[in-house]
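All remarks here apply to the structure that follows.
The values are calculated or read from the model by the stated rules, or taken from the named source; none is laboratory data. As the structure is a computational prediction, the values presented were derived from the model and not from experiment. Note that we place each Cβ from the backbone using ideal geometry, even for glycine, and neighbour counts take in every protein chain shown. Ligands, DNA and RNA are stripped out before the accessible areas are found, and what is left, the full protein with its side chains, is counted by its heavy atoms. Shrake-Rupley method; radii C 1.70, N 1.55, O 1.52, S 1.80 Å.
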Amino acid sequence: MSTRSLILDYLKKNAGQTSVSGKILAGRFSVTRAAIHKQIRGLRQAGYSIVGKSRCGYRFEASENILDVRQIRSALSAERFYGHLEYHPVLSSTQDVAKDRAFHGEPEGTVVIAERQTSGRGRLGRRWISSPGGLWFSIILRPALSPRSIPSLPLVAALVLCRTIEEVVSLKAGLKWPNDVWIRGKKVAGILAEMSSESDRVQWVVLGLGLNCLNSVPSDVISPAGSLADLTGSRSVPRQEILTKFLGEFRKAYQRYLMEGFAAFRADYRRRSVLIGRDVTVNTSTGKRRGRVVDVDGEGRLVLRLSPGRNIVLSEGDVVPGSLRQEGRGRDGD
Ligand code: ATP
């Protein structure tokens, strides 16, 4: 165990009691006080709340806001799927690191988590603002599927994220096609899927997820952004529980997806769609399309009614809605 983990364990054991001085810690772990100070700084950067007062020492404050990777690992230990979980206080982009790991042969189920990203990315190379307090992570997958079926995979991830948010923080979450999570008219999460394939075989897919929890959200964005802290009105967002639950549920959903495809998730996805029944403009790579969203099909594509009796099916595009419903859908195939 590293000195940092030993210090953390020691402070945790003494949590709630009087502070432990730097001198005592230094003596106990046979390092200098400066080294203790450095380790405490590292722990704070990793999200641990350690109160320090001069002449009093350090005290660990239990907080449900922190991410403790050892706890996440042990919660997922029954899920052999997640064999390698890494946590970084700061990364350029979890997606870039996970892609690099995938390229170098890391197995399916590898998860890369960062407390903060300096160059987080969204779809089409857009910037994803990832200040500390959010959940920013990427998962390596190696589905034995044709590359053609992969575009619906991030829709499944978005659906599982909705269900997880509802379960953990009791907020009703909706989906904006293809894979944004919306709550009360605010975008709280975005998902990005990137893939490498060879002829008709997927080599890897890296799914990147960004969920605004306790972080400050950007205001200069097209769709208004929200965080779980803002929306619940509480500074206590159980990020670790959300992440652990999501990973557990996503593993199950992924296995089902491999067998049954998006069709198995379609009904719930449609129910949560904030777009079905809305008039929208879709900016696609081949031009603008205006119409009413009438459905999301069995392959996760958007069905747009251009005029009565004239539907088109879109597999990519940016949807700009007239005005979004709060969450969930109402009209069936309208
Ligand atoms: P949208 O549907 O909002 O236009 P998108 O689905 O096309 O977004 P994404 O890949 O999900 O694109 O996210 C990138 C966009 O999300 C950015 O262009 C920016 O407008 C917005 N954004 C960036 N950071 C955040 C954040 N932390 N929370 C919410 N929105 C963000």
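What is segment 1-110's relative contact order, in percent, from Cα pairs under 8 angstrom and six or more apart in sequence? Numbers along the way, then the final one.
Details: 101 pairs, mean separation 25.9, N = 110.
Computed value for segment 1-110: 24 percent relative contact order.
Quick one: 3J(HN,Hα) in Hz for segment 240-257, Karplus 6.51/-1.76/1.60 with θ = phi - 60°, rounded, Gly and Pro as x.
5, 5, 4, 5, 5, 5, 4, 4, x, 6, 5, 4, 5, 5, 4, 5, 5, 4
Using the Kirkwood formula over every pair of different C-alpha atoms, what hydrodynamic radius in Å results for segment 272-327? Don't jump to the answer; show the numbers that get you there.
Numbers: mean 1/r = 0.0893 Å⁻¹.
Taking every pair of different Cα atoms in segment 272-327, averaging 1/r and inverting gives 11.2 Å.
Name the residues whose placed amide hydrogens come within less than 5 Å of the amide hydrogen of SER49, ignoring near sequence neighbours (fewer than 5 apart) on the same chain.
GLU61
Mind listing the phi-derived Karplus ³J(HN,Hα) values for segment 277-291, rounded to whole Hz, using 6.51, -1.76 and 1.60 with θ = phi - 60°, and x for any glycine or proline?
x, 9, 7, 9, 10, 10, 8, 9, 5, 10, x, 8, 10, 10, x
Taking θ as phi - 60°, what are the ³J(HN,Hα) couplings along segment 106-117 by the Karplus curve (6.51, -1.76, 1.60), each to the nearest whole Hz, with x for Gly and Pro?
Taking θ as phi minus 60°, the curve returns 4, x, 4, x, 5, 10, 10, 10, 10, 6, 8, 10 Hz for segment 106-117.
Would you mind finding the longest exposed-site-free stretch of the chain, with exposed trypsin sites (Lys or Arg not before Pro) meaning DSSP loop and at most 16 other Cβ atoms within 10 Å? Walk me through the numbers on the way to the answer.
Values: sites that count: ARG55, ARG80, ARG126, LYS172, ARG184, ARG235, ARG331.
Free of exposed loop sites, the longest segment is 236-330.
Give the total of Lys-Lys pairs in the chain with Cα-Cα distances below 15 Å; include a pair only if its members are 8 or more places apart or on different chains. Walk me through the intermediate numbers first.
Values: LYS23/LYS38; LYS23/LYS53; LYS172/LYS186; LYS172/LYS187; LYS176/LYS186; LYS176/LYS187.
Within the chain, the lysine pair count is 6.
So who's got an amide H within less than 5 Å of the one on ALA225, skipping anything under 5 residues away but keeping other chains? H placed 1.01 Å off N, in plane.
Hits under the 5 Å cutoff: LYS187.
Rounded, prolate or oblate for segment 91-179? Axes are the square roots of the Cα gyration tensor eigenvalues, ordered a ≥ b ≥ c, and the cut-off for rounded is a/c under 1.5.
On the way: a/c = 1.63, a/b = 1.13, b/c = 1.45.
Since a/c reaches 1.5 but b/c is at least a/b, the shape of segment 91-179 is classed as oblate.
Report the relative contact order of the chain, percent, no decimals, based on alpha-carbon pairs under 8 angstrom and at least 6 residues apart.
On the way: 678 pairs, mean separation 45.1, N = 334.
For the chain, the relative contact order is 14 percent.
Compute the Rg/Rh shape ratio of the chain: radius of gyration over Kirkwood radius, all on alpha-carbon atoms.
Details: Rg = 21.9 Å, Rh = 21.3 Å.
On the Cα set of the chain, Rg over Rh gives 1.03.
With everything on Cα atoms, drop me the angle between helix 153-169 and the longest principal axis of the chain, reported from 0 to 90° to the nearest 10.
Helix 153-169 sits roughly 60 degrees off the main axis of the chain.
What whole number of Å gives the distance from the Cα centroid of segment 186-237 to the Cα centroid of segment 68-140?
12
With each run of n ≥ 4 DSSP H residues scored as -39500 (n - 2.57), what mean residue ellipticity at 222 nm is computed for the chain after dividing by its residue count and rounding to the nearest 500 deg cm²/dmol? Walk me through the numbers on the way to the answer.
On the way: 9 runs with 103 residues, N = 334.
Mean residue ellipticity at 222 nm (helix-derived): -9500 deg cm²/dmol.
Over the chain, give the accessible area per residue in Å² for a 1.4 Å probe, as an integer.
Numbers: 15590 Å² over 334 residues.
That works out to 47 Å² per residue.
Can you classify segment 13-158 as rounded, prolate or oblate using the Cα gyration tensor, where a ≥ b ≥ c are the square roots of its eigenvalues, rounded means a/c under 1.5, and otherwise it's prolate if a/b beats b/c and oblate if not?
On the way: a/c = 2.70, a/b = 2.24, b/c = 1.21.
Cα axes put segment 13-158 in the prolate bin.
Calculate how steeply helix 263-272 sits against the longest principal axis of the alpha-carbon atoms of the chain, using the helix alpha-carbon long axis, and give the answer as 0 to 90 degrees to the nearest 10.
80
Would you grab the residues whose amide H sits under 5 Å from the one on ARG278? Only those 5+ places off in sequence or on another chain, please, with H modelled 1.01 Å from N.
VAL293
If you put +1 on each Lys and Arg Cβ and -1 on each Asp and Glu Cβ, how big is the dipole of the chain around its Cα centre, in Debye rounded to 20?
880
Considering only LEU145, GLY27, ILE113, whose Cα is most displaced toward the positive end of the charge dipole of the chain, charges sitting on Cβ of Lys, Arg (+1) and Asp, Glu (-1)?
Sorting the options by dipole projection puts first GLY27.
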